[in-house]
Amino acid sequence: MKKRLYKSADRKICGVCGGIADYFDVDPTVVRLLWVLFTLAGGSGILAYIIAAIIMEDEPGYIDVDQ
């Protein structure tokens, strides 16, 4: 079965870091910490996160209860 990259239901902001962690089968906290380091290192992490949040689809079967 082919793996697909989706935003995760394990969300803090938009689910991008959780989705990347699910895809690579790592802990979401590690991905979030790496994102913070990239953001502090040069600011490109914020732009990459915004682009990923716009482009990535929600995980199939995800229901947003905040609406």
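No lab work stands behind these numbers, since they all come straight from the coordinates. Because the structure is predicted, anything quoted here is derived from the model rather than measured. All Cβ positions, glycine included, derive from the backbone under ideal geometry; neighbour counts span all protein chains shown.
From the largest down, region 14-56 spans 27, 21, 13 angstrom on the principal axes of its Cα atoms. Each Lys and Arg adds +1 at its Cβ and each Asp and Glu adds -1 at its Cβ; summed about the Cα centre, the chain shows a dipole of about 220 debye. For the chain, the membrane-span-like helix rule (DSSP H, alpha carbon extent of at least 20 Å along the helix axis, mean Kyte-Doolittle at least -0.5) picks out 28-42; this says nothing about an actual membrane. Between amide H atoms placed 1.01 Å from N, distances below 5 Å from Lys7 occur with Glu57, Asp58, Glu59, all of them 5 or more places distant or on a separate chain.
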